[in-house]
Amino acid sequence: MSDLPPSFLAGLIVVLLLSLSWHEAAHAWVADRLGDPTARDLGRVTLNPLKHMDLFLSVLLPLMLLLANAPVFGGGKPVPIDVRNFRHKARDFMLVAVAGPFSNLILAACFGLLYVLCVALGMFQDSIPNPYGPATPHLPSIIFPEERIPSRFWLQTGMQLNIFLAIFNLFPFPPLDGSRIVGWLLPRPLQPAWYRLDRVGLLIVLVLVVFLPGRIMHYIQVVMVSAWIHVADAVDLLAAAVA
């Protein structure tokens with residue numbers, strides 16, 4: 001990453017901040033719509049990244065993992081939720097959680113559609129053989145972006161990053177968003193014990209991702225990369241159709 005030109009790095013930072021803010025703002029917005037104004041009152045229904053940055057989760061943790069040559073992950077400042085304001089506590093808590101990954105999928109789709117539009121307008125140079133037919137022998141690919149075109153790199157990064165964020169957050173490990181789905185499905189007597197795991201949730205994720213990187217991390221990476229390839233392939237097909 002250090003070899004990237006400044007324009008690429010600047011775009012990458014913007015994409016990262018947008019994706020993080022979009023995810024956290026979605027949590028806050030859905031919570032507010034379901035009756036809990038806690039996050040809205042704290043100004044969290046916003047795309048301003050300063051409102052969603054956490055010194056440890058957003059800066060120190062990713063930096064430490066990077067320096068330790070471990071899988072890098074992080075997050076934004078947790079959105080404060082008061083479930084007492086919800087009409088259906090477990091269900092609404094789950095909907096607030098799912099809003100984050102779902103918003104990332106929407107943002108990934110936006111990046112993909114922007115890429116297709118750019119291809120249709122001829123903004124990207126032909127670069128690789130088109131595998132979808134001889135009628136258009138060369139078309140750009142979102143999977144293999146042209147290194148000389150920063151905007152193409154940003155679109156690929158935005159789409160890939162948001163797909164990865166959505167999938168990673170849907171894994172059922174506390175305190176990831178997917179654990180709220182498990183909490184909603186559990187019998188009511190078991191729900192309090194499950195939600196209490198949030199107290200050591202970050203430690204659970206660290207152990208699973210960093211200290212047990214074998215099969216667990218392998219399966220997580222396989223799911224993420226497989227999803228990215230399939231979605232990117234569909235976007236390239238659509239771009240080929242409109243080119």
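So how far apart, in nm, are the two label points at residue 237 and residue 121 if each is 7 Å from Cα heading toward Cβ?
Computed distance between label sites residue 237 and residue 121 equals 2.6 nm.
Kyte-Doolittle cut-off -0.5, length cut-off 27 Å along the helix's own axis using Cα: show which whole DSSP H helices in the chain pass.
Details: long enough: 6-33 (40 Å, 0.99); 89-120 (46 Å, 1.57); 150-169 (28 Å, 0.48); 215-242 (40 Å, 1.30).
In the chain, the long hydrophobic H runs are 6-33, 89-120, 150-169, 215-242.
Under 10 °C and 1.306 mPa s, how fast does region 146-191 diffuse according to Stokes-Einstein, given a Kirkwood radius computed over C-alpha pairs? Answer in µm²/s, whole number.
On the way: Rh = 12.7 Å.
Taking Rh from Cα pairs, D becomes 125 µm²/s.
Measuring from label point to label point, each 7 Å out along Cα→Cβ, what is the residue 53 to residue 204 span in nm?
Modelled inter-label distance: 3.0 nm.
Please list the non-local residues whose amide H lies under 5 Å from the amide H of residue 75, H modeled 1.01 Å from N, same-chain partners needing a gap of 5 or more.
Distant-sequence amide H within range of residue 75: 58.
Report the Rg/Rh value for the chain, based on alpha-carbon coordinates and the Kirkwood definition of Rh. Before the final figure, lay out each step's value.
On the way: Rg = 19.6 Å, Rh = 19.5 Å.
For the chain, the value is 1.01.
What spacing in nm lies between the two simple spin-label points modelled at residue 144 and residue 10, each 7 Å away from Cα in the Cβ direction?
In this crude spin-label approximation the distance works out to 2.9 nm.
Pulled fully out, how much extra length does the chain show between residue 67 and residue 188, if you take 0.36 nm times their separation in residues and subtract their Cα-Cα distance? All intermediate terms of the calculation are to be shown ahead of the outcome.
Numbers: separation 121, 0.36 × 121 = 43.56 nm, distance 4.23 nm.
The span from residue 67 to residue 188 would gain 39.3 nm if fully extended.
GNM, the chain, Cα, under 10 Å: largest mean-square fluctuation among 25, 166, 109?
109
Give, in nm to one decimal, the length gained when the segment between residue 41 and residue 105 is fully stretched (0.36 nm per residue of separation minus the Cα-Cα distance). Before the final figure, lay out each step's value.
Numbers: separation 64, 0.36 × 64 = 23.04 nm, distance 2.64 nm.
Extra length available between residue 41 and residue 105 comes to 20.4 nm.
For residue 83 and residue 221, what is the calculated FRET efficiency with R₀ set at 25 Å and r taken between the beta-carbons, to the nearest 0.05?
Details: r = 33 Å, r/R0 = 1.33.
Between residue 83 and residue 221 the formula returns 0.15.
Coordinate-derived values only; no laboratory data. Small disclaimer: the values here were computed from a predicted structure and weren't measured. Positions of Cβ are backbone-derived with ideal geometry, glycine not excepted, and every protein chain shown enters the neighbour counts.
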